[in-house]
Amino acid sequence: QVQLVESGGGLVQAGGSLRLSCAASRSIFSINVMGWYRQAPGKQRELVASITTRGVTEYADSVKGRFTISRDNAKNTVYLQMSLLKPEDTAVYYCNIGVTGSRTYWGQGTPVTVSS
């Protein structure tokens, strides 16, 4: 069965940094876009950042200049470097990987809590 493993979440003070990782099993093939979503309590899940096979990136306006998404295709891994964190960044973060045929896979979610 396909497996995505997330890591790197935790508790951090405002202004601090965290780096999230999401590693896909080798059984996943033809990976296209990789991205990070987040969901805060009582709110809709939203796209935070995405990256294409060739490294083209997009970010939500709320995180531009603070977050950086990257990927290592040889390791089937996507990262999210988060800096200058704010309390409003508090949420459960989910990685998502799209494959050929518009099929997607989700990570289990990793919580990020930013204290003021």
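The values are calculated or read from the model by the stated rules, or taken from the named source; none is laboratory data. In this text, all values refer to a predicted model and were calculated from it rather than measured experimentally. Note that each Cβ is placed from the backbone with ideal geometry, even for glycine, and that neighbours are counted across all protein chains shown. All accessible areas refer to the heavy atoms of the entire protein, side chains included, with ligands and DNA or RNA removed. Shrake-Rupley method; radii C 1.70, N 1.55, O 1.52, S 1.80 Å.
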*Can you name the number of the only condition in (1) under 19 Å from Ile69 (Cβ atoms); (2) without any contact (Cβ under 8 Å) to a residue 12 or more places away in the chain; (3) exposed (fewer than 12 other Cβ atoms within 10 Å of the Cβ) that Glu58 fails?*
(3)
*Within the stretch 17-39, work out how many residues are among the small types (Gly, Ala, Ser), under 22 Å from Val63 (Cα atoms) and surrounded by 14 or more Cβ atoms within 10 Å (Cβ to Cβ).*
2
_Taking the condition of being of a type outside the set (Phe, Trp, Tyr), at pLDDT below 95, open to solvent by 40 Å² or more (accessible area, probe 1.4 Å) and under 15 Å from Gly35 (Cβ atoms), how many residues in the stretch 74-116 meet it?_
3
